[in-house]
Amino acid sequence: MKTQFEQMMDGLTDVEAFLAGKQEGFKAHVPQEVDVKAIRNRLGMTQARFSDTFGFSLDAIKHWEGGRRTPGAPARTLLTVIDRNPVAVLTALNPAAFAVAGGSSKPATVNVRVDKKRQAPGEATQRRTYSAARGHRTTKQ
């Protein structure tokens, strides 16, 4: 098995070959394991809301989190994107929800809470707001 460094070097070699025109396309590296519960908790969603929002069955979420099943490669890919950029997925799945209604200049946002385990004792609860219009997040207390 290759070390992480060797894997990164292989990836850089592929990028150089692509940029030089010696190789077309790229190969996506899908993670072998995805912590569904951690992703869902970071977004501050229940299992039911997470499944409804992102199109997974509630049973699948329960089985993945309970360790009885593991997500397949396509689900792991989507879960990875949800983890890294939930607004991109939400915008792709439901662009109308992020459209500015009635000429309002206020951008659509999605509120999620910060993982409580990362908070210092006595620290106020923070909320992250993902802005679809700006493509970034801000933190509020």
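The values are calculated or read from the model by the stated rules, or taken from the named source; none is laboratory data. All values derive from a computational prediction rather than experimental measurement. No Cβ is skipped: glycine too gets one built from the backbone with ideal geometry, and neighbour counts run over all protein chains shown.
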Which number in (1) touching a helix residue (DSSP H, G or I) at 6+ places or on another chain (Cβ under 9 Å); (2) assigned to a helix (DSSP H, G or I); (3) modelled with pLDDT under 90 marks the one condition that A96 misses?
(1)
Condition set over 13 Å from L43 (Cβ atoms) and in contact with a helix residue (DSSP H, G or I) (Cβ under 7 Å, 6 or more places away or on another chain), scope segment 82-92, selection surrounded by the most Cβ atoms within 10 Å (Cβ to Cβ): answer is T91
For segment 1-11: of the residues being surrounded by 10 or more Cβ atoms within 10 Å (Cβ to Cβ) and either among the charged types (D, E, K, R) or in contact with a Ser or Thr (Cβ under 7 Å, 6 or more places away or on another chain) (or both), which is nearest to V87 (Cα to Cα)?
D10
Going by the structure shown, is T70 surrounded by 14 or more Cβ atoms within 10 Å (Cβ to Cβ) and without any contact (Cβ under 8 Å) to a residue 60 or more places away in the chain?
no
Of the residues that sit in segment 12-58 and are assigned to a helix (DSSP H, G or I) and outside the structural domain of T80 (by TED's automatic domain parsing), which one is surrounded by the most Cβ atoms within 10 Å (Cβ to Cβ)?
D14
